[in-house]
Amino acid sequence: MINFQYARANDVADAVRMIATDPTAKFIAGGTNLIDLMKEDVERPSGLIDISRLPLKGVEETSDGGVRIGALVPNSDLAWHPLIEQRYPLLRNAILAGASQQLRNMASTGGNLLQRTRCAYFYDIATPCNKREPGSGCSAIGGINRIHAILGTSESCIATHPSDMCVALAALDAKVHVTGPAGERVLAFTDFHRLPDSSPQTDTNLHPNELITAVELPAKGFPANYSYLKIRDRLSYAFALVSIAAAMELEGGTIGEARLALGGVAHKPWRDSAAESALRGQPANQTTFEQAADILLRDARGYEHNTFKIDLARRGIVRTLTQAAQATPQSQSDKKIR
Amino acid sequence: MTQANTVGRAPTSPAPTKILVALDVNGRQRQLTVAPWTTLLDALRDHLDLTGTKKGCDHGQCGACTVLVDGRRINSCLTLAVMKDGAKITTVEGLATEGALHPLQQAFIDHDAFQCGYCTPGQICSAAGLIAEGKAKSADEIRELMSGNICRCGAYPNIVAAIQQAMGTMAGRS
């Protein structure tokens, strides 16, 4: 790690003032990703502004029947919070599919959104990487790209977003509350992360001088018919090759509202309104699920080592939608995929 | 802690100031002066000579550095000591009471739940956190919630058995 200064923010306004004064500083909460990146010299902030003691740790019901999650709620506390377990079990399962319990105890809700890709070239400062050093080139496109993206890629970057929690938050239509010098604003979850295009160094639409204060869930949580299936190289404590969050309303055997989001396939949690439209009003059967998968993957493109992800995603979508329809969500401890 | 730092409050970047940190480590009040980049792991091992906590990968991937902070298990290698000012830390050295081994320590001996022993302090602290959480009941659930602790000797079946024994012992006591 390089030298850096350390200071604590006293409140949200103080934190925003401090980052405005020193734009090369960074906020730190759980630190699980930032400290690691600083050890690797990938991140070199001039200073760390400790926000971990700010009063953003509540999980509260909102007036419209949703839930507001403070940005500093640890991932483990969120997964096991009664409101989340009962009303948003898709979110619980996605969180518990990610990292280890030690990391979930440290990692914050806001920080989970802001974690960086685990592309090995991004981490290796001896190799070119447009995300780490804009304009230096992408080592993954012609390199070992087994874990990389198949959707929404650009000539600059084929990295994926690593979060499981964010896949569920995308499927659940969450909102992200942020505060900056100009005041507060709210971003739809699907607008929070961005595709790489020609500037992969920018992961999100959060401005550098803004602080995430909360993530808000709408009332609809799909507690009856949901599943989160994460497919990876080992059965626990590994990043997804492909992960699928599925949720639906069922009336008889017919699908009402449906949600489908994928992780491990793109620079952001991948949602496709056309695929969800293809589920709505249709019978909950294999043919319907296969059609939705084909629509979602219509523009998928494989690279030398990751073409397998297209078939894996297609089968995974069908399997996860089937689990959701049958109300037999994937267990995160019994690893058998049924 | 001292308030000598200037991040976010001045445009220049003077040399980092060492910061006074107070920690309750295994029931004992400790004060140490550390640079901001000192991890809790390095503070415990190099500043307080508590070398029971091990440095494995130093990247949060192996779990050898697991300690309890305010009763919760975390990776001390990814934690800055300055951020834990005022916290209560329990390391493997703090688990035994008045000469009696902690039930997990006894269970690891009873089940031969290690070979080289390097991961063992992290395994035991992690298991102490797991039992306090109260979420793992079955062997599958123990395996899943212990997956942040790697054992390259492959003592996993005995580790699970040891944790099951300690869970029974501790449930009987409470």
May I ask you to list the residues of segment A:218-234 whose amide nitrogen lies under 17 Å from a point 7 Å from Cα along the Cα→beta-carbon direction of residue A:338? A:225-230
Interface A:B - total buried accessible surface [probe 1.4 Å, Å², rounded to 100]: 3700 Å²
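How do A:226-232, A:126-132 rank on mean C-beta neighbours within 10 Å, highest first?
With the highest mean Cβ count within 10 Å placed first, the list reads A:226-232, A:126-132.
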Can you order the peptides A:6-14, A:145-153 by their average number of other Cβ atoms within 10 Å per residue, highest first? A:145-153, A:6-14
Can you give me the angle between helix B:120-133 and the longest principal axis of chain B, using Cα atoms only, in degrees from 0 to 90, rounded to the nearest 10? 80 degrees
What helices in chain A pass both tests, a Cα length along the helix axis of 24 Å or more and a mean Kyte hydropathy of -0.5 or higher, using whole DSSP H runs? A:308-325
Measure nothing fancy, just the Cα-based angle from helix B:156-173's long axis to the longest principal axis of chain B, in degrees from 0 to 90, nearest 10. 90 degrees
Determine the shape class of chain A: with a ≥ b ≥ c the square roots of the Cα gyration tensor eigenvalues, call it rounded for a/c under 1.5, and otherwise prolate if a/b is greater than b/c, oblate otherwise. oblate
Explain nothing, just the number: relative contact order of chain A, from Cα pairs under 8 Å at least 6 residues apart, as a whole percent. 17 percent
Ranked by how many other beta carbons lie within 10 Å on average, peptides B:139-148, B:99-108, A:94-103 from highest: A:94-103, B:139-148, B:99-108
Mind scanning A:131/A:268; A:57/A:230; A:131/B:55; A:175/A:335 and naming the pairs with a C-alpha gap bigger than 21 Å? A:57/A:230; A:131/B:55; A:175/A:335
Cβ neighbours within 10 Å from other chains - mean over A:27-39: 4
Roughly speaking, to the nearest percent, how much of chain B's 1.4 Å accessible area is carbon and sulfur? 51 percent
Could you please state, rounded to a whole Å, how far the C-alpha centre of segment A:175-198 is from the C-alpha centre of segment A:49-92? 19 Å
Heavy-atom accessible area of segment A:1-148 with neighbours in place, 1.4 angstrom probe: carbon+sulfur share in percent works out to 51 percent
What is the gain in length, in nm to one decimal, between residue A:144 and residue A:315 on full extension, counting 0.36 nm per residue of separation less the C-alpha to C-alpha distance? 59.2 nm
Within 10 Å of each Cβ in B:76-85, how many Cβ atoms from other chains are there, averaged over the peptide? 5
Taking a ≥ b ≥ c as the square roots of the eigenvalues of the Cα gyration tensor of segment A:10-114, is the shape rounded (a/c under 1.5), prolate (a/b larger than b/c) or oblate? oblate
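First check a/c for segment A:67-215, with a ≥ b ≥ c the square roots of the eigenvalues of its C-alpha gyration tensor; if it is under 1.5, answer rounded, and if not, answer prolate when a/b is larger than b/c or oblate otherwise.
Prolate, because a/c is 1.5 or more and a/b exceeds b/c.
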Per DSSP H run of at least 4 residues, take -39500 (n - 2.57); add these up for chain A, divide by its residues and hand me the 222 nm value, nearest 500 deg cm²/dmol. -7500 deg cm²/dmol
At a Cα cut-off below 25 Å, give the lysines reachable from residue B:54, other chains included and same-chain residues fewer than 8 away excluded. A:39, B:18, B:84, B:88
For A:148-157, mean number of other protein chain Cβ atoms within 10 Å: 0
Just give the residues from segment B:54-71 buried by at least 10 square angstrom of accessible area in the all-chains context relative to the isolated chain, probe 1.4 Å, and say none if nothing qualifies. B:58, B:59, B:60, B:61
With 0.36 nm assigned to each residue of separation and the Cα-Cα distance removed, residue A:61 to residue A:173 gains 38.7 nm
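The values are calculated or read from the model by the stated rules, or taken from the named source; none is laboratory data. What you are looking at is a predicted structure, and each value in this text was computed from that prediction instead of being measured. Because the Cβ atoms are built from the backbone with ideal geometry, glycine has one as well, and the counts that use them run over all protein chains shown. Surface accessibility is based on the protein's heavy atoms, side chains included, excluding ligands, DNA and RNA. Shrake-Rupley method; radii C 1.70, N 1.55, O 1.52, S 1.80 Å.
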